[in-house]
Amino acid sequence: MPGRMIVDIASGASLFEDAASRIDGGGRLWVGGLMGSSRTLLAAVLRRRFPHPWVVIGPTASDAEHIYDDLVTFLGVSDVQLFGEWETLAYERRSPLASITESRLVTLSRLQAGESFVIVTTPKAVMQATLPRRLLRETTRVVRRGVSLDLAEFTRFLIDCGYGRVRMVEESGDFSVRGGIVDLLSFGYDDPLRLELCGDEVESIRQFDVYTQRSIRKLEEATVLPRREVVLAGEGRGEVRARLSESHPSDSEDRDRVLTALDAGFYFEGVEQYLPAIHPDAETLADYLPEESGAVLVREDEVWDRAELLSLEAAKIYMDKREEVPLCEPESLLVPFERLPRKLGRRSLVATGLVPSGRIEGLERIEIPAKLQESFGSDMDLLRARLSGLS
């Protein structure tokens, strides 16, 4: 049965309809009895009933991936976006994978553009600081066919936003310039972009195959996002140095390395760990959400447990390393989760689980009994017996 048909049927079921009606106009609800994919089915029903943005939070990255797969089945891929968590530990000298950064920046860009969709994420991803809204606006460039483009300025813009100039574009974040042709692979596109200029005017925008170099499709415009969640250009490097020096006054080789790299505008591995010092107005996903937004916490008690563990781990690493290297305060890098639920579910908030955690006030409680589907484990005789019982 197609996933969307399942949502149609569930939307008409009295128990799901009752749950949706209780948050109509805004409200807070705790739903017990659900298990497995019935939790994500409830989120799909709520999205269908209230088509404003929704944030669905699972305890771990693995949980979020399963939730994402379920919701894509129920709602379609264009209506669901994964907002990933950095796979790095707090204060680790390693930058997040490009695919994770892409999932985060594409999500934030879609929200800024006013799109309405379902965001699937984790407590860690929600807690992690990211670039502020004003900076994402400043570092997002829309290139249109037939409009003039200053090639030298555009090249500086790409470098400032973390792109690397290469001979041939192969990976996300690469760009090359050959005469009046600019190739680049920006977040949000599966295939590279080729901008062809005639003088200062963009004559054509095409996507091409990275291996054959053949054109795939023509575009009227293309959106170029920053390559990282940290943008070093124009952020007052002297102020950044002062903030880090104040937090780590003692001299050390590590401090000198970090400050020298920041002064030079060099994107070194792990630069994201200094995001709050580079962007003191850093924000979180919750700040990007519109007033008309809702949240679903899947296995709410586990979400809170995971968030607490992350905060404790960050605090411990900070205390162990603060005398060795310059570090940002843990609460500026990972915002405590207790500050976020009200922002996430500005209009309505729904929590599911075995028992309420007691961390969210004003939750109305209801039960939607569900049971797991029996697994036949390739036992055809058992399957025939069950089918015979239905006939």
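The values are calculated or read from the model by the stated rules, or taken from the named source; none is laboratory data. As the structure is a prediction and not an experimental result, all values here were calculated from the model. Note that we place each Cβ from the backbone using ideal geometry, even for glycine, and neighbour counts take in every protein chain shown.
Here are the numbers for this structure:
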{"quantity": "Sole residue being at pLDDT below 85 and loosely packed, with under 14 Cβ neighbours inside 10 Å, chosen from Glu269, Glu338", "calculated": "Glu269"}
{"quantity": "Region 341-356 - residue that is at pLDDT below 90 and either among the β-branched types (Val, Ile, Thr) or closer than 23 Å to Leu285 by Cα (or both) and, of those, surrounded by the fewest Cβ atoms within 10 Å (Cβ to Cβ)", "calculated": "Val355"}
{"quantity": "Count of residues meeting criterion [in contact (Cβ under 8 Å) with a residue 60 or more places away in the chain and among the small types (Gly, Ala, Ser)] in region 1-40", "calculated": "8"}
{"quantity": "Ser252 vs. criteria among the polar types (S, T, N, Q), at pLDDT below 70 and within 19 Å of Leu333 (Cβ to Cβ)", "calculated": "no"}
{"quantity": "Selected residue (criterion: surrounded by the fewest Cβ atoms within 10 Å (Cβ to Cβ)) from residues of region 172-223 that are within 20 Å of Cys161 (Cβ to Cβ) and small (Gly, Ala, Ser)", "calculated": "Gly188"}
{"quantity": "Scan of region 73-99 for residues that are surrounded by 20 or more Cβ atoms within 10 Å (Cβ to Cβ) and free of Cβ contacts under 8 Å to residues at least 60 places away in the same chain, ordered by number", "calculated": "Val80, Gln81, Leu82, Gly84, Glu85"}
{"quantity": "Long-range neighbours under 6 Å by Cβ, at least six apart or interchain, first residue in contact (Cβ under 8 Å) with a residue 60 or more places away in the chain within region 323-349, second surrounded by fewer than 16 Cβ atoms within 10 Å (Cβ to Cβ) and not β-branched (Val, Ile, Thr)", "calculated": "Val325/Asp254; Pro330/Ala315; Arg347/Gly26; Arg347/Glu292; Ser348/Gly26"}
{"quantity": "Strands (runs of 3 or more DSSP E) completely within region 142-245 that count 2 or more residues being closer than 30 Å to Val258 by Cβ", "calculated": "174-178"}
{"quantity": "Region 88-120, subset among the acidic types (Asp, Glu) and over 16 Å from Ser172 (Cβ atoms), residue modelled with the lowest pLDDT", "calculated": "Glu92"}
